[in-house]
Every structure is written in C-alpha cells, then in structure tokens.
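Below is one structure; the comments refer to it alone.
The values are calculated or read from the model by the stated rules, or taken from the named source; none is laboratory data. This is a predicted model, so every value here is computed, not measured. FYI the Cβ positions are ideal-geometry reconstructions off the backbone, even for glycines, and counts take in every protein chain you see.
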C-alpha cells in the first residue's frame, strides 16, 4: 500500500472545501488538514462538518482535520495547497514560512494575479520562500466548479510544474474515480490561462445581462482565447497550453456555466447594478475583478492589445456603461482574424 501523505489545504472557500472532499476519493491514502480563517466557517466545519457559507449541501469527511492554526495545518505536510484569494496569498505564505519544510511540495490552486505586483501565484510563493530555501512549486487549474467536484462529477484538471517529479506526484496523489489529473511543465500558460479567463467570463456575463444571445458569447469566448494566448505567449507560455484544459476548457466553463462567480458579476453589471453593490452582496471572491486590472496593466507594460480586457477595465474601474463597452468592441477597426 502507498505511503500516507499529509496534504494541507490553506483556504476553506468553495474550492478548498471541495478539494478536501475529493481527496477522500483519490487513489492514494491521505491525512488532510483544512485551514479556515473565518471563525464562523471554522465553527461550522468543526461542529457540523459543513460549510454553508461557501459550499452548502456537502459534508466534510470525518478524516479531514479542520484547524484555524496555520502551524498545525502545514507542519510536516508533504504537500501544501494554497486555495486562498490572490490578494491574501503573500501574507499567508509569509506567516506560514517558519513552519515549512524544504521537502514540501507547494501547489497554487488560486486563479488570479497579485494585485500590486502583477505576479502569478507561483512567483509569489517563490519570492516569499526563496530566502529560506528554493521551493518545489506547482499549479493546478482547469475547468472545475467546486460544487461539481464535490458532487463527484467527472472532472479533468492540469498539474503543472517545472519539477516533473512534483507534477507526477500530484497526479498520483490527487487523481481518483472522479478527478483526472494531467501533467504539464508550462506553469506560465496554466496560471495565466486560469487567471485571465475570469476577465472574459465577466464580459460573457455582461452580454447575458444586456440580453444578448449565443452569437455574442461565442465571439467573446473565441476572441477571449486569442487575448489569453497573446498575453501568455508574451511571457513564454505555449499556445497548446492555452488551447487545453487550463485555457480553452476553463474559459468555456466559466463563460457559460451558471455556477461561475465571475460570469455572475458580469450579468449583474449588464443589468445595471454597480460593482460595489454586487461585491457587497456575497462572501465569494470573484478573482476576475482584480485580474482585469492586473491584466490591463500587464498589457500596457508590454504593448499588447487586449480589447476585451480593456473594455472590462473601463466597465469595472472607469464607470463605462456595459452597452458602450460592447459597442466599442464591435466598432474597432476591421482586421483579418
């Protein structure tokens, strides 16, 4: 029988909670620790084994150790999975640093960019940990709504790392009857695909909120993939990665699925609600809001044309009317595909 591994999941939002559930169904034996920041979430997970705030309707396996102490979660962990919002990642890794082992594998499950630095999450991890030791780092991404993963719907994701042994270890440790894990060494492509698709999903939601149909959404998905690829390849990503699960696969899911938080933000914007009102109405984090600003800033730095991202930046941060954003996309100078 395979050796039991300790896996620490940092963040008990929908995705972190779903991972704690699905790992109980994997082929490998695990000792799972789930860390929660919010006291009400922690209390519910401990007393009722449920997380009604972020993933209602599911019971957390009894084997999952729930904790509010970072040291307790990550000490002696073989794998640490970061499932926290991108805006909080750095502070949490800094706080956890004294308790990490150099043999641990670090996995980002966060689909966003750091707001101030525009860094990818694996870059944040490396920046925080490298003064102490050079970390083994990976990212997991792909079309994976937390609710459907927890429910046991067949799902395929990608584990990407420059460390092929770490990618293979994650494939072995995470795969199970309902979760198929592919490996990849294109960390940049997998991370940027997972982050930027959320921007396009907001645009797809705006289209629905405005009452527009499938033609518009199909155009946004296709041209959105072109934007993701343009930005990704500028940083060294491979086109085929953006055409795979972490790119096109996640893009289609997030732009069309009713469970998409980013798409839902766009729908409400299209219906005339203000961003502040939308964000105040939920505890869920829509990573695409912050990623829109980050991707827009990266495009300006590199001189890359990202028309959909530019228009969503206008809607989210400059008060541009959603209908004007769609019109401006249609009235851009005509060109070859």
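Being surrounded by 24 or more Cβ atoms within 10 Å (Cβ to Cβ) and either over 24 Å from residue 146 (Cβ atoms) or out of contact with any strand residue (DSSP E or B) (no Cβ under 8 Å at 6 or more places or on another chain) (or both) is a description that applies to residue 242.
Is the range 174-188 home to any residue that is within 27 Å of residue 87 (Cβ to Cβ), assigned to a loop (DSSP other than H, G, I, E, B) and either in contact with a helix residue (DSSP H, G or I) (Cβ under 6 Å, 6 or more places away or on another chain) or outside the structural domain of residue 288 (by TED's automatic domain parsing) (or both)? The answer is yes; a qualifying residue exists.
Looking only at residues in the range 26-36 that are surrounded by 15 or more Cβ atoms within 10 Å (Cβ to Cβ) and either touching a helix residue (DSSP H, G or I) at 6+ places or on another chain (Cβ under 8 Å) or part of a helix (DSSP H, G or I) (or both), which one is modelled with the lowest pLDDT? In this case the residue turns out to be 28.
Residue count for the range 124-173, restricted to those that are farther than 30 Å from residue 58 by Cβ and either within 15 Å of the chain's Cα centre (by Cα) or part of a loop (DSSP other than H, G, I, E, B) (or both): 8.
Taking the stated definitions as given, is residue 230 surrounded by fewer than 21 Cβ atoms within 10 Å (Cβ to Cβ) and under 20 Å from the mean Cα position of the chain (by Cα)? Here the answer is yes, as residue 230 does meet what is asked. Considering (1) in contact (Cβ under 8 Å) with a residue 40 or more places away in the chain; (2) crowded, with 16+ Cβ neighbours inside 10 Å; (3) outside the structural domain of residue 248 (by TED's automatic domain parsing), say which one residue 198 fails and leave the rest. Checking residue 198 against (1) in contact (Cβ under 8 Å) with a residue 40 or more places away in the chain; (2) crowded, with 16+ Cβ neighbours inside 10 Å; (3) outside the structural domain of residue 248 (by TED's automatic domain parsing), the one that fails is (3).
Of all residues in the range 258-290, those being surrounded by 16 or more Cβ atoms within 10 Å (Cβ to Cβ), at pLDDT 95 or above and in a loop (DSSP other than H, G, I, E, B) number 1.
Selection of the range 316-329 for residues being part of a helix (DSSP H, G or I) and either surrounded by 15 or more Cβ atoms within 10 Å (Cβ to Cβ) or in contact with a helix residue (DSSP H, G or I) (Cβ under 9 Å, 6 or more places away or on another chain) (or both) yields 316, 317, 322, 323, 324, 325, 326, 328, 329. Residues in the range 55-71 that are within 21 Å of residue 108 (Cβ to Cβ) and surrounded by fewer than 16 Cβ atoms within 10 Å (Cβ to Cβ): 71 alone.
In the range 1-16 there is no residue that is surrounded by fewer than 19 Cβ atoms within 10 Å (Cβ to Cβ) and under 25 Å from residue 116 (Cα atoms). Being touching a helix residue (DSSP H, G or I) at 6+ places or on another chain (Cβ under 7 Å), on the phi < 0 side of the Ramachandran plot and either part of a loop (DSSP other than H, G, I, E, B) or touching a residue at least 12 places away in the same chain (Cβ under 8 Å) (or both) holds for only one residue in 87, 73, 62, 77, and it is 87.
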